[in-house]
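Everything below concerns the one structure shown next.
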Amino acid sequence: MNIAVLIKMVPDTESRLEIVDGKVKEDGFKYMVNPYDEFAVEQAVQFKENVGGKVTLVCLFSNNSGIDTDLRKMMAIGADEAIVLRQDEYQGDKPSSNSKLLAEAVKELNADLVIGGVQGIDYYQGATGPMVAHHLNIPHISGVTKLELNGEKITASRQIEGGLQIIESALPVLVTAQKDMTKVRFPALKDIMMSKRKPFENRNVNASEDIDVETIECSLPPARGGGLILEGETPEQKVDKLIEKLKMEAKVL
């Protein structure tokens with residue numbers, strides 16, 4: 001079974017966010033594997049362990065080699081190889097043009113299953129996965145919390161408003177993973193060392209001039225005002241004053 005896992009590199013949550021002239025300043029960012037994509041890697045490796053096959057990571061990013069270590073960690077979990085598409089002036093908020101490049105790379109793999117995270121934690125667009133499925137002309141199931149392989153079919157569970165939806169699909173299919181899909185393992189030291197020997201291919205790809213989703217301006221949320229301390233000798237008096245303010249000033253009661 002050939003499985004392709006879509007990997008997006010996102011700013012580390014500890015990176016300092018600065019906005020200059022309406023644009024995010026990314027110079028000092030450190031990057032990590034998108035957390036939702038880690039669930040996808042773990043699920044792909046579990047399928048490989050159960051039925052055999054190969055797991056290939058497919059990532060689109062800039063020429064920043066700082067991401068290699070984090071991708072190697074995903075290979076230590078059990079992925080067999082990585083294909084990293086290197087693009088000058090890469091931007092993560094271009095799902096349409098980025099999905100075309102990813103789909104071209106995935107198409108060469110003749111994958112039975114394509115799996116990725118439901119969304120990136122940087123832009124939260126949730127669009128790249130379904131667009132890749134469109135370019136590959138295969139069905140897709142998004143926001144999956146449980147995935148089972150049954151021969152030539154998969155059964156996916158996804159949360160919907162007020163219930164649980166169960167979907168069955170023939171292969172090939174593209175699935176995007178929610179955080180509850182599986183628990184990501186911690187690789188052993190032996191696996192970490194072996195990951196350094198696994199195939200790691202870098203490919204240069206051209207940037208598309210198409211702008212499908214244009215970011216006009218970025219800004220930080222307005223600073224919060226100071227809080228109000230309610231005076232009173234007893235909790236009951238403070239509650240009475242709070243209720244009065246909610247009625248007379250906030251007018252929410």
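Data overview
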{"read-out": "Candidates Ile77, Ile67, filtered to the one that is surrounded by 15 or more Cβ atoms within 10 Å (Cβ to Cβ), touching a helix residue (DSSP H, G or I) at 6+ places or on another chain (Cβ under 6 Å) and not aromatic (Phe, Trp, Tyr)", "value": "Ile77"}
{"read-out": "Residue match in the stretch 83-99 (condition: part of a loop (DSSP other than H, G, I, E, B), buried (at least 23 other Cβ atoms within 10 Å of the Cβ), touching a strand residue (DSSP E or B) at 6+ places or on another chain (Cβ under 6 Å) and in contact (Cβ under 8 Å) with a residue 40 or more places away in the chain)", "value": "no"}
{"read-out": "Residues of the stretch 202-250 satisfying the condition of being exposed (fewer than 12 other Cβ atoms within 10 Å of the Cβ) and either β-branched (Val, Ile, Thr) or touching an Asp or Glu at 6+ places or on another chain (Cβ under 7 Å) (or both)", "value": "Ile216, Ile229, Thr234, Ile243"}
{"read-out": "Single residue of Asp68, Asp27 found to be part of a loop (DSSP other than H, G, I, E, B) and either of a type in the set (A, V, I, L, M) or more than 22 Å from Glu209 (Cβ to Cβ) (or both)", "value": "Asp27"}
{"read-out": "Count - residues of the stretch 186-201 that are of a type in the set (Lys, Arg) and surrounded by 10 or more Cβ atoms within 10 Å (Cβ to Cβ)", "value": "2"}
{"read-out": "Search result, residues across the stretch 22-71 that are of a type in the set (Asp, Glu) and touching a residue at least 60 places away in the same chain (Cβ under 8 Å)", "value": "Asp37, Glu38, Glu42, Asp68, Asp70"}
{"read-out": "Members of the stretch 186-205 that are outside any helix (DSSP H, G or I) and out of contact with any Leu (no Cβ under 9 Å at 6 or more places or on another chain)", "value": "Phe186, Pro187, Ala188, Lys196, Arg197, Lys198, Pro199, Glu201"}
{"read-out": "In the stretch 171-186, residue farthest from Met131 (Cα to Cα) [restricted to those that are under 15 Å from the mean Cα position of the chain (by Cα) and aliphatic (A, V, I, L, M)]", "value": "Val184"}
{"read-out": "Qualifying residue in the stretch 144-158 (condition: under 30 Å from Arg86 (Cβ atoms) and modelled with pLDDT of 95 or more)", "value": "yes"}
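Here is a yes/no grid of residues against (1) assigned to a strand (DSSP E or B); (2) on the phi > 0 side of the Ramachandran plot; (3) surrounded by fewer than 21 Cβ atoms within 10 Å (Cβ to Cβ); (4) touching a helix residue (DSSP H, G or I) at 6+ places or on another chain (Cβ under 6 Å):
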{"position": "Gly116", "(1), (2), (3), (4)": "yes, no, no, yes"}
{"position": "Tyr124", "(1), (2), (3), (4)": "no, yes, yes, no"}
{"position": "Pro130", "(1), (2), (3), (4)": "no, no, yes, no"}
{"position": "His134", "(1), (2), (3), (4)": "no, no, yes, no"}
{"position": "Leu149", "(1), (2), (3), (4)": "yes, no, yes, yes"}
{"position": "Ala156", "(1), (2), (3), (4)": "yes, no, no, no"}
{"position": "Leu174", "(1), (2), (3), (4)": "yes, no, no, yes"}
{"position": "Val184", "(1), (2), (3), (4)": "no, no, yes, yes"}
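The values are calculated or read from the model by the stated rules, or taken from the named source; none is laboratory data. The model shown is predicted, which means the values in this text are computed figures rather than measured ones. Glycine also receives a Cβ, built like all others from the backbone with ideal geometry; neighbour counts cover every protein chain displayed.
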